[in-house]
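Here's the structure we're looking at; comments come further down.
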Amino acid sequence: MLQCIFLLSDSGEVMLEKQLTGHRVDRSICDWFWDHVISQGDSFKSQPVIASPTHYLFQVVREGITFLACTQVEMPPLMGIEFLCRVSDVLSDYLGGLNEDVIKDNFVIVYELLDEMIDNGFPLTTEANILREMIAPPNIVSKVLSVVTGNSSNVSDTLPGATGSCIPWRAAEPKYANNEVYVDLVEEMDAVINRDGALVKCEVYGEVRVNSHLSGLPDLTLSFANPSILDDVRFHPCVRFRPWESHQVLSFVPPDGEFKLMSYRIKKLKSTPLYVKPQLTSDAGKCRVNVLVGIRNDPGKTIDSITLEFQLPPCILSADLNSNHGTVNILGNKICSWTIGRIPKDKTPSLSGTLLLETELERLHVFPTFRVGFRIMGLALSGLQIDKLDLKTAPSRLYKGFRALTRAGEFEVRS
């Protein structure tokens with residue numbers, strides 16, 4: 001049972017406080033939490049469950065906002081973590097993104113959503129499609145009406161029909177002239193490459209996203225051509241676990257609209273689509289930089305939106321960098337950003353230049369880590385393939401579509 005939820009900004013400010021039970025949790029717990037964040041750094045913020053002297057804390061960080069939940073009783077930790085993930089997903093869906101200004105501008109809707117999502121410390125309604133029927137998403141018209149009428153509530157007077165159903169994630173008997181369902185495979189590749197060019201870690205985190213507009217009560221089955229490559233999986237509540245456990249088939253009654261059917265992880269991949277070869281040599285108070293970027297393994301699809309970023313060490317006074325392809329920018333926080341786009345066929349993109357060190361330094365002792373970004377449309381780099389999507393009670397005209405996308409996640413090259 002959760003007792004309180006706090007939303008903290010990137011500076012530690014309490015933007016929102018929601019007490020969930022009769023036992024009030026004092027805000028001083030946030031001060032204790034943030035003091036440990038400052039003293040211990042990222043290692044503390046990477047811990048999802050923390051034991052304080054008075055409470056158990058659950059934390060999830062999204063877009064610089066920390067979702068912090070507190071309890072004094074024994075409870076399954078995954079329930080608290082999963083609920084905070086659901087809250088962040090719902091708020092991002094409702095508000096069109098997450099940041100400090102958006103939360104402050106829409107705090108009434110945030111409170112209304114939390115009222116419906118959790119009751120006396122226990123998760124209640126967490127499906128975004130059902131919440132949309134209960135609480136209208138913010139728009140310009142609703143904001144103007146709230147100013148004119150003085151009524152800032154967006155809560156509907158009637159409950160959605162699905163709240164009393166055995167399938168609470170689906171609206172009651174929706175009807176469409178065109179029945180269609182689209183499935184997207186979206187993957188992010190996390191990789192770490194050491195200074196010798198050896199692959200230390202390479203894994204893929206993926207999601208199966210579905211956009212369903214089907215009349216009535218459809219019953220779908222989705223199968224993969226190679227489900228054995230999946231290491232870790234997590235399902236939407238609509239998925240029946242027994243068919244997956246026995247035959248690796250997803251059987252489900254989908255929510256209406258867009259939703260995340262499942263997420264997965266595939267570990268120990270052998271290669272990356274791009275290579276990055278940094279060379280840094282320093283003497284006499286200067287550091288010469290040369291970075292090459294190219295295609296290591298051609299995936300058969302175009303690799304675009306290629307970017308490379310690295311943080312200049314604090315001892316750097318100035319930087320003179322240029323490239324033979326793309327644009328190079330030095331941002332105000334000493335981050336060098338190189339936008340490449342696509343790899344040209346006639347040359348290998350290279351970044352070169354000189355970094356000027358502080359006067360008392362002869363050589364560079366702190367070397368940067370290069371962060372790589374890219375995007376590949378129409379391909380799942382993990383090799384996961386959808387075999388077929390079947391509907392048991394198919395309408396007369398059913399449209400199905402499949403897409404795939406891979407992009408870089410935490411892709412780092414150490415120098």
Item to check | Hey, MET1 assigned to a strand (DSSP E or B), surrounded by 12 or more Cβ atoms within 10 Å (Cβ to Cβ) and modelled with pLDDT under 90 or not | outcome: no
Next on the checklist: Condition check: at pLDDT below 90 and open to solvent by 90 Å² or more (accessible area, probe 1.4 Å). Does ASP346 satisfy that?
Outcome noted: yes
Checklist entry - Here are some residues: LEU199, LEU217, LEU185. Which one is open to solvent by 20 Å² or more (accessible area, probe 1.4 Å) and either among the β-branched types (Val, Ile, Thr) or farther than 27 Å from PRO123 by Cβ (or both)? => result LEU199
Checklist entry - In this structure, does SER39 turn out to be open to solvent by less than 20 Å² (accessible area, probe 1.4 Å) and out of contact with any Leu (no Cβ under 9 Å at 6 or more places or on another chain)? => result no
Next on the checklist: I need the full set of residues from the range 347-397 which are within 30 Å of ALA225 (Cα to Cα) and either small (Gly, Ala, Ser) or more than 31 Å from the chain's Cα centre (by Cα) (or both), in order please.
Outcome noted: GLY373, GLY378, ALA380, SER382, GLY383, LYS392, THR393, ALA394, PRO395, SER396, ARG397
Checklist entry - Within the range 266-276, is there a residue that is touching a helix residue (DSSP H, G or I) at 6+ places or on another chain (Cβ under 8 Å), under 26 Å from ARG86 (Cα atoms) and buried (at least 17 other Cβ atoms within 10 Å of the Cβ)? => result yes
Next on the checklist: Six or more apart or on different chains, Cβ atoms under 8 Å: show the pairs whose first residue is in the range 12-32 and assigned by the TED database to the domain that holds ILE65 and within 15 Å of ILE118 (Cβ to Cβ) and whose second is open to solvent by 50 Å² or more (accessible area, probe 1.4 Å) and in a helix (DSSP H, G or I).
Outcome noted: LEU16/PHE107; LEU16/TYR111; LYS18/TYR111
Checklist outcome for this item: Taking the range 100-135 and keeping residues out of contact with any strand residue (DSSP E or B) (no Cβ under 6 Å at 6 or more places or on another chain) and of a type in the set (Asp, Glu) leaves GLU100, ASP101, ASP105, ASP115, GLU116, ASP119, GLU127, GLU133
Item to check | Extreme residue, farthest from GLY257 (Cα to Cα), among residues of the range 202-234 that are touching a residue at least 24 places away in the same chain (Cβ under 8 Å) and polar (S, T, N, Q) | outcome: ASN226
Checklist entry - If you check every pair at least six apart or on different chains, which have Cβ atoms under 9 Å apart with a residue in the range 325-340 that is at pLDDT 90 or above first and a residue that is among the hydrophobic types (A, V, I, L, M, F, W, C) and open to solvent by 70 Å² or more (accessible area, probe 1.4 Å) second? => result CYS336/ILE330; SER337/ILE330; SER337/LEU331
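The values are calculated or read from the model by the stated rules, or taken from the named source; none is laboratory data. All values reported here derive from a predicted model rather than from experimental measurement. Note: ideal-geometry Cβ built from the backbone for every residue, glycine included; neighbour counts use all protein chains shown. The protein model used for the area step is the full one, side chains on, heavy atoms only, and it has no ligands, DNA or RNA in it. Shrake-Rupley method; radii C 1.70, N 1.55, O 1.52, S 1.80 Å.
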